[in-house]
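**Q** The structure is given below, and queries will be raised subsequently.
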Amino acid sequence: MEILILAVFIIGYIALALEHKIHIDKAAIALITGVLCWTIFVLGIHSIPEHLTGLFKEFSGKFTGGEELLNVMFFEHRLLEHLSEISSILFFLLGAMTIVELIDAHEGFNVITDKIKTTNKVKLLWIVSILTFFLSAGLDNLTTCIVMVSLLRKLIADTKTRWFFLGIVIIAANAGGAWSPIGDVTTTMLWIGGQITVMKTIASLLLPSFVCLIVPLTILSFIMKGEVERPSQIQNEKDHPDPTTPRERRVILALGIGGLLFVPIFKSITHLPPFMGMLLSLGILWFVTERMHKSKNQEEKDNLSVTSVLRKIDTSAVLFFLGILLAVSVIQEIGYLRAMAEFLKTQLGNVYAINIIIGLLSSIVDNVPLVAGSMGMYDITAISETSSVWDSHFVKDGPFWQFLAYCAGTGGSALIIGSAAGVAVMGMEKIDFIWYLKKISIWAILGYLSGAGTYYLMFGL
């Protein structure tokens with residue numbers, strides 16, 4: 001059963017990579033893969049996997065029934081548990097995409113793009129990358145990439161050139177998110193789980209994360225040449241009148257970015273999932289735009305309303321994300337991730353090597369279950385007279401946990417489907433998997449290893 005699930009997962013993964021060759025939308029492939037993997041798992045399971053026995057005992061103590069019925073109810077419960085986590089990500093993504101599209105509909109991003117005058121490729125790449133790096137630490141890498149897609153659509157006309165810039169944006173967003181406890185979901189998991197603290201994480205990971213971006217940027221500065229072509233602007237106001245006033249653009253941009261920045265604050269105050277803060281921000285922005293445009297004619301209001309913006313949201317990208325996360329959750333259920341963690345510990349026995357491998361694996365399998373598996377596999381230890389050198393790596397803010405945050409956060413950039421940010425950009429811009437592999441992966445891996453080397457020089461010697 002496990003081999004069949006793995007085979008379906010691999011076939012689905014290959015089909016995603018060959019999407020443009022087989023002419024089947026990636027959302028369809030992801031949904032089929034996710035549902036088939038769960039179907040095979042539920043129909044083929046005859047006993048509770050060893051790593052789930054504790055959860056099953058706790059579950060069965062709350063219900064009565066025969067063994068077969070309890071098994072069915074348990075795995076339905078497990079599916080719904082995963083679905084609750086997946087749904088929170090999807091609602092977060094949907095809310096963020098709607099806010100960004102609403103800002104774009106009001107031409108709010110023109111406030112920023114109008115200040116970026118350069119068309120030189122190297123200068124523009126540095127400006128966009130540094131902006132992304134620090135913005136992702138305050139928002140998060142997923143939301144930042146959604147924002148940058150809209151910005152670059154207004155700055156670069158050529159599709160392949162924009163794809164290349166967005167590839168570097170993915171590297172910058174993941175690097176920027178890794179050193180901030182609210183910048184990447186895996187760093188947030190480790191922070192909430194008690195493995196790391198805020199200030200020590202920033203102090204330990206800021207430089208390695210910055211190196212992860214600066215190394216590929218520096219090399220590209222000597223390779224890239226030429227100018228970018230801006231999208232053509234219709235100058236005739238009669239043919240293309242401004243949909244909003246300068247004041248309205250500034251207000252919506254400020255409220256939109258402020259709403260996105262409010263999400264981590266809301267989470268820290270209420271301890272509710274991030275998607276709740278995102279939906280609150282969307283609701284407030286919805287209310288403001290309705291009031292703002294109440295005196296305009298119906299045609300103008302329709303183009304600037306949230307209901308109109310929702311029609312522009314790429315729902316296929318959301319469904320693609322759903323399918324991928326469903327498939328990955330099965331790999332987690334059958335215990336492959338936990339087995340991999342144990343294998344790495346036995347075979348390598350070096351926390352730095354283990355984390356580098358985990359980071360590279362996160363480009364293939366989602367980094368969330370990988371980090372969750374690591375958190376479950378390795379416990380937080382306390383230093384005592386009998387503690388071994390190995391145990392000392394697993395103390396709170398120890399090198400294993402700090403380095404795990406860096407590796408899991410930045411390693412996913414190696415493949416476009418290796419991070420939530422990459423998946424979002426892929427869905428919004430229809431970037432080809434193979435194209436990213438050929439053009440971007442080498443820079444992502446180079447940056448990843450450079451940052452990892454920097455961390456090792458700082459703490460491993």
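Only the coordinates and a few stated rules stand behind these numbers; no lab work does. Every value quoted in this text rests on a predicted model; they were computed, and no experiment measured them. Please note: Cβ atoms are built from the backbone with ideal geometry, for glycine as well, and neighbour counts cover all protein chains shown.
**Q** How tilted is helix 121-138 with respect to the longest principal axis of the chain? Cα atoms for both, answer in degrees (0 to 90, nearest 10).
**A** 60
**Q** Using Cα pairs under 8 angstrom and six or more residues apart, how large is the relative contact order of the chain, in percent?
**A** 25
**Q** With angles folded into 0 to 90 degrees, how steeply does helix 441-455 sit against the dominant principal axis of the chain? Use alpha carbons for both and round to 10.
**A** 60
**Q** Can I ask one more? Which links in Lys117/Lys294; Lys26/Lys160; Lys123/Lys154; Lys117/Lys160; Lys115/Lys430 stretch past 24 Å when you go from one Cα to the other?
**A** With Cα atoms farther than 24 Å apart: Lys117/Lys294; Lys115/Lys430.
**Q** Using 0.36 nm times the number of residues separating Thr197 and Thr159, minus their current alpha carbon distance, what extension gain do you get?
**A** The span from Thr197 to Thr159 would gain 9.6 nm if fully extended.
**Q** Checking the a/c ratio against 1.5 first, then a/b against b/c, what shape does the Cα gyration tensor give for the chain?
**A** Because a/c hits 1.5 or more and a/b exceeds b/c, the chain counts as prolate.
**Q** Taking the Cβ of each residue in Val395, Val169, Val328 as the centre, tally the other Cβ atoms inside 10 Å and list the residues starting with the fewest.
**A** With the sparsest Cβ surroundings first, the list reads Val395, Val328, Val169.
**Q** Right, something else. Could I have the simple spin-label model distance between Met1 and Gln347, label points 7 Å from Cα toward Cβ, reported in nm to one decimal?
**A** 2.6
**Q** Round to a whole angstrom and tell me the spacing of the C-alpha centers of the range 276-331 and the range 8-30.
**A** 27
**Q** Among Tyr13, Tyr436, which comes first, then next, by fewest other beta-carbon atoms within 10 Å?
**A** By the 10 Å Cβ count, ascending, the order reads Tyr13, Tyr436.
**Q** What value, in deg cm²/dmol to 500, does the helix sum -39500 (n - 2.57) over DSSP H runs of n ≥ 4 give at 222 nm once divided by the residues of the chain?
**A** -23500 deg cm²/dmol
**Q** With only Lys, Arg, Asp and Glu charged, each at its Cβ (+1 for the first two, -1 for the last two), find how big the charge dipole of the chain is about the Cα centre; round to the nearest 20 debye.
**A** Roughly 1360 debye, rounded to the nearest 20.
**Q** What is the helix-to-structure angle for 2-17, meaning the angle in degrees between its Cα long axis and the longest Cα principal axis of the chain, kept from 0 to 90 and rounded to the nearest 10?
**A** Roughly 20 degrees between the two axes.
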